[in-house]
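As structure tokens, the structure follows; a few thoughts come after it.
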Amino acid sequence: MSLAWMKRRWALPLVVATGVAVAVAIIKSRPAMEHADKAQLPAAVKVVSAKRYEVRPRITGFGEVAPDVVLDSKAEVSGKVTYVHPLLKKGSILPAGTLVVSIDDRDYQLALKQAEADLAVSRANLEEMRLNIEDTEQDLKLAQEKLAIARKEQERIGRLLQKGSASQSNYDAQQSVVLQLRQETQKLSYQLQTLPYQLQVLQAKQDIAEAAVETQKRNLERTHISLPFNARITRLSVEENQFVAVGASLYGAQTIDKVLVNAQFPLSQFRLLAEGFANLEDLFQKFLEQDAASNIFTELDLAASVALAEDGDTHWDAKVERISNNLEAASRTLGVIVGVDNPYRTARPGVRPPLIEGMYAKVELQGAPQPFLVLPRDALREHELYVVDKDNRLRRIKPHYKTQGAMLLIRQDDNEGDNAIHEGERVVTTDLFPAVAGMLVTPQEDNEAEALIEQWAQGRQTL
């Protein structure tokens, strides 16, 4: 009978309706559900305070060591080599003034004696001409006095002739004397006009003779070749008893008093130093007027140091000499030439080598001090910094920054608006995931990071 009931049309809808009614009655009979807010647990993070320091920006470049002066000594006179210093060999170090090569000087001694004899003749001729001029001046003076007397006598005889007390023949004879004296006076006057030119010719001959003597003396000196500076020998090209012609190479040497390093720096790094160059135009004009451009880098407070690329613990103080006039074609870097004085004087065997040609060196340039906020470089995450505000909530910013070693350098003037960071603000130094803007954090001072910043800012931290 129960099966027959279930087969009726209205049986199934009745069962479903009854189930729904029972379910609704059960739900309504349960107590109302209470929602409780989940407490937000603040994340513990370490922070450092952004502090302002006067930082000398530093950039690093690399280049090879080269000598300041390279000498290719050549013979200035020809002759047979009579002496070669026994230590004139590649790698030897010799002091300035050392006689290293001598050339047979006997021919030059004879030539000097001949030149000195010619000079003596020229001086004698010149002195003779001076005496001749003095004698001619005296002769002219006497001739002029005789002419004046003869003219007076002629005038006297002329007056007597008019009175009939003298004959015409006497007057004519006296007139002939006057003419002879006039001719002699004119001749002496002409000589005095031409003798100075002859004197100039003899003076020129004497100058030529003196120059010849000086030339032979210099040739004689050129037979003895000495080192012009403290030098390291790089090459020897002659031997004793070898004949050398003018211009023949004798030896090669390089100075040991100074070396240069042409270090290459990317332009992006060099701009960090250039930002501290103030009043460049006025400074450059000043040095152009005073011809003191070599001091411009000192005025810009640009310092340098050199270290071996494979041994950064050993440093040499350096001086910026000049900046290259163009970019290196392949690497698009700018060359800065720095000099190191006396690289051999401070050498210590096994501890501190001398700087020699071909060494690969690291050059560090330091610019003028500039104000920066200094933070650990590890605090940067995907070009962002996490800043904790006064309510201990997280703020994410993307500041403009520069890196120097293990630190970030941030100039406040370069950052405005939402990406600005100010002195005293706290910056997260630990990893934080997820880092949601506005989330609550529990900041703790990162004493280790602050000590590292302080140490670095005082210049004790190796880059």
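Candidate cross-link partners of Lys74 among the lysines, defined by an alpha-carbon separation under 28 Å and a same-chain spacing of 8 or more, comprise Lys89, Lys90, Lys113, Lys217, Lys258. Could you compute the net charge surrounding Val213? Neighbours are other residues with a C-beta less than 12 Å from the C-beta of Val213; K and R count +1, D and E count -1. Around Val213, the surrounding residues sum to -1. Kirkwood radius and radius of gyration were both taken over the C-alpha atoms of segment 353-403, and their ratio Rg/Rh is 1.26.
Solvent exposure of segment 151-220 amounts to 71 Å² per residue of accessible area, where only protein heavy atoms count and the probe is 1.4 Å.
Within the assembled protein chains, the solvent-accessible surface assigned to Arg130 is about 90 Å², based on a 1.4 Å probe.
In this entry, segment 320-396 is assigned a mean projected area of 10.6 nm², taken as a quarter of its C-alpha convex hull surface. Segment 368-463: percent of C-alpha pairs farther apart than 21 Å? The proportion of pairs with Cα distances above 21 Å equals 31 percent. Over segment 122-258, with every protein chain in place, what whole percent of the accessible area is carbon and sulfur at 1.4 Å, could you tell me? Of the solvent-accessible surface of segment 122-258, carbon and sulfur hold 49 percent. Once you treat every alpha carbon in segment 52-133 as an equal point and sum by Debye, what is log10 I(q)/I(0) at q = 0.21 Å⁻¹? Taken in order of the listed q values, log10 I(q)/I(0) reads -1.10. 3J(HN,Hα) along segment 138-144: 5, 4, 5, 4, 5, 5, 5 Hz, from the Karplus curve 6.51 cos²θ - 1.76 cosθ + 1.60 with θ = phi - 60°, whole Hz, x for Gly and Pro.
Heavy-atom accessible area for Glu416, with the other protein chains in place and a 1.4 Å probe, reaches approximately 150 Å².
The figure for Arg222 is an accessible area of roughly 60 square angstrom, using a 1.4 Å probe on the protein chains alone.
Please report Rg over Rh for segment 28-185, where both radii come from the alpha carbon positions and Rh follows the Kirkwood definition.
That ratio is 1.84, to two decimals.
The values are calculated or read from the model by the stated rules, or taken from the named source; none is laboratory data. It should be emphasised that the depicted structure is a prediction, and the values quoted were computed from it without experimental measurement. So basically every Cβ, Gly included, is an ideal-geometry build from the backbone, and we count neighbours across all protein chains shown. Note: accessible area is taken over every heavy atom of the protein model, side chains too, but ligands, DNA and RNA are not part of it. Shrake-Rupley method; radii C 1.70, N 1.55, O 1.52, S 1.80 Å.
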